[in-house]
Structures are given as C-alpha cells and as structure tokens.
Amino acid sequence: MSQHLYLVRHGEHRDAEHGLTDGPLSPRGRRQAEQLAGRLGGLPITALWHAPSVSATETAGIVAELLPSVHPKPSALLFDTIPSGPVDGTPKAFGAWFASITEAEIEAGSAQMADAEAEFVIPGGQERHDVLITHNLVIAEFVRFAFDAPAWRWLGLTQAHCGLTVLRVRSGRPVTLLTHNDLAHLPVELRTGLVEPLPI
C-alpha cells in the first residue's frame with residue numbers, strides 16, 4: 001500500500017500585483033483551478049485539504065465544484081509560513097531576506113511544518129490519494145523533507161500557481177518525488193507565479 005500526496009499551490013489571486021500575499025482569485029486564477037480539477041478528475045482522491053487562506057479556499061472550492069465526490073477541508077497546518085531560519089550552510093545571498101523575518105515567525109513556521117509532515121505524510125495502511133492545496137514555501141518544505149535535504153534547502157524551490165507536485169509514500173522506503181511543479185494541464189498563458197524570488 002502507498003500514499004500519493006498531490007501538492008498544489010493555490011491559483012493566482014487578484015491582489016498579487018499589489019504585493020499582497022492573499023486575496024480572491026483573479027479570472028486567470030479561477031481558470032487555473034478549473035484546469036487543475038480536470039487534471040485530478042481521473043484520480044481516486046481520498047481527501048482534499050487546503051490552507052484557510054482566501055486563495056487556497058477558493059481554489060479548493062472550484063476543484064470541489066467540478067469533482068462532486070471531493071469534500072474540501074481546511075487545515076491551519078497548510079497556512080503560508082516560513083519553514084525554517086538560517087542555519088549553517090544557508091547561502092549568504094538569503095541573509096537580507098531573512099533579516100525581515102522575526103525569530104517568532106521562524107519558530108512558529110518550523111513547528112507548523114513538523115506537524116504538517118507528521119499529519120499528512122502517512123506511510124503504510126490503506127491506499128491513499130490526498131490533495132493539499134497550499135502555498136509555495138509549504139510545498140518547497142515538503143519536497144525538502146522528502147529528500148531529507150539540509151534544513152535551508154526549501155529556499156530556491158518555486159511552484160507555479162496550480163502547478164502539481166506529487167510525492168509517493170511507502171513504508172520502509174524513502175519518500176519518492178514523482179513530479180515537481182508539473183504544468184502539463186495549464187496552457188502557457190496560465191503558467192504564472194514563477195518569476196517572484198520567494199513567492200508565497
């Protein structure tokens with residue numbers, strides 16, 4: 001038995017161009033979510049979890065509208081967060097960015113992601129196909145966790161809006177990254193979110 005974990009960054013939101021990190025989906029974001037639903041439509045989805053943010057909630061709602069058997073549930077473990085602070089080996093190029101992050105934010109983010117990995121990465125048991133609609137840095141940390149990479153290595157991993165990252169989890173084996181930021185379901189004009197240095 002194995003678990004497939006489908007990690008999705010929320011659709012593009014209307015306030016992104018004004019520098020805000022959350023808001024209602026833009027028309028393009030709604031189209032991204034619709035295309036995502038089409039991509040997931042042939043899968044035996046067992047659960048759909050989403051961050052309680054506006055953009056992730058609306059993305060999950062559109063997916064659920066088009067996949068009636070799917071019932072979205074919010075989880076605070078999927079909120080936008082900073083997965084860890086600077087550690088030995090963190091490239092100095094990120095120093096200025098970390099200077100704007102408080103110790104409290106780093107501590108809370110590290111605890112959140114430890115809980116999220118324990119909650120959602122489930123080896124063994126029954127066959128599962130779980131979708132998590134969340135934020136860029138959360139997905140980056142799940143990928144870092146899958147490879148047991150250094151704590152800072154979520155930095156530099158970027159996902160497009162409604163891009164699809166898939167992990168396979170099996171007992172007694174390392175987590176397998178099946179695909180990262182797959183955009184095959186999105187036409188070129190809907191492929192957004194990759195040009196920001198640290199988008200969340």
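Looking across Pro74, Pro86, Pro91, Pro44, one residue alone is in contact (Cβ under 8 Å) with a residue 24 or more places away in the chain, closer than 20 Å to Pro24 by Cβ and either in contact with a His (Cβ under 7 Å, 6 or more places away or on another chain) or not hydroxyl-bearing (Ser, Thr, Tyr) (or both). It is Pro74. Considering the conditions (1) surrounded by fewer than 19 Cβ atoms within 10 Å (Cβ to Cβ); (2) within 27 Å of Glu105 (Cα to Cα), Ala64 is excluded by exactly one of them, (2).
Just a yes or no: is a residue in segment 20-35 without any contact (Cβ under 8 Å) to a residue 24 or more places away in the chain, in a helix (DSSP H, G or I) and either more than 16 Å from Leu190 (Cβ to Cβ) or of a type in the set (Asp, Glu) (or both)?
The initial filter retains those residues of segment 20-35 that are without any contact (Cβ under 8 Å) to a residue 24 or more places away in the chain, namely 20, 26-27.
Imposing the further condition that a residue be in a helix (DSSP H, G or I) reduces the set to 27.
If we keep only those that are either more than 16 Å from Leu190 (Cβ to Cβ) or of a type in the set (Asp, Glu) (or both) as well, we get none.
No, segment 20-35 contains no residue that is without any contact (Cβ under 8 Å) to a residue 24 or more places away in the chain, in a helix (DSSP H, G or I) and either more than 16 Å from Leu190 (Cβ to Cβ) or of a type in the set (Asp, Glu) (or both).
Here's the yes/no breakdown for (1) within 12 Å of the chain's Cα centre (by Cα); (2) part of a helix (DSSP H, G or I); (3) more than 23 Å from Thr158 (Cβ to Cβ):
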{"site": "Arg39", "(1), (2), (3)": "no, yes, no"}
{"site": "Gly61", "(1), (2), (3)": "no, yes, yes"}
{"site": "Ser69", "(1), (2), (3)": "no, no, yes"}
{"site": "Leu77", "(1), (2), (3)": "yes, yes, no"}
{"site": "Ile82", "(1), (2), (3)": "no, no, no"}
{"site": "Gly85", "(1), (2), (3)": "no, no, no"}
{"site": "Trp97", "(1), (2), (3)": "no, yes, no"}
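Does Ser69 count as more than 22 Å from Glu119 (Cα to Cα), surrounded by fewer than 13 Cβ atoms within 10 Å (Cβ to Cβ) and among the hydroxyl-bearing types (Ser, Thr, Tyr)?
Numbers: more than 22 Å from Glu119 (Cα to Cα): yes; surrounded by fewer than 13 Cβ atoms within 10 Å (Cβ to Cβ): yes; among the hydroxyl-bearing types (Ser, Thr, Tyr): yes.
Criteria met by Ser69.
For segment 175-186, the set of residues classified as part of a loop (DSSP other than H, G, I, E, B) and either surrounded by 11 or more Cβ atoms within 10 Å (Cβ to Cβ) or of a type in the set (Phe, Trp, Tyr) (or both) consists of Val175, Leu183, His185, Leu186, listed by residue number. Taking each residue of segment 137-155 that is within 13 Å of Ala116 (Cβ to Cβ) and looking for partners that are assigned to a loop (DSSP other than H, G, I, E, B) and acidic (Asp, Glu) with beta-carbon atoms closer than 9 Å, six or more apart or interchain, yields Leu137/Asp80; Val138/Asp80.
For segment 136-154, residues that are assigned to a helix (DSSP H, G or I) and surrounded by 18 or more Cβ atoms within 10 Å (Cβ to Cβ) total 11.
Restricting segment 63-100 to residues that are of a type in the set (Val, Ile, Thr) and either touching a Leu at 6+ places or on another chain (Cβ under 8 Å) or modelled with pLDDT of 95 or more (or both), the residue that is farthest from Leu137 (Cα to Cα) is Val70. The set of residues in segment 53-68 being touching a helix residue (DSSP H, G or I) at 6+ places or on another chain (Cβ under 6 Å) and of a type outside the set (Val, Ile, Thr) consists of Leu66, Leu67.
Within segment 72-98, the set of residues being β-branched (Val, Ile, Thr) and either crowded, with 16+ Cβ neighbours inside 10 Å or in contact with a Cys (Cβ under 9 Å, 6 or more places away or on another chain) (or both) comprises Thr81, Ile82, Thr90.
Of all residues in segment 161-174, those being in a strand (DSSP E or B) and crowded, with 20+ Cβ neighbours inside 10 Å number 4.
The values are calculated or read from the model by the stated rules, or taken from the named source; none is laboratory data. Source: prediction; values computed, not measured. FYI the Cβ positions are ideal-geometry reconstructions off the backbone, even for glycines, and counts take in every protein chain you see.
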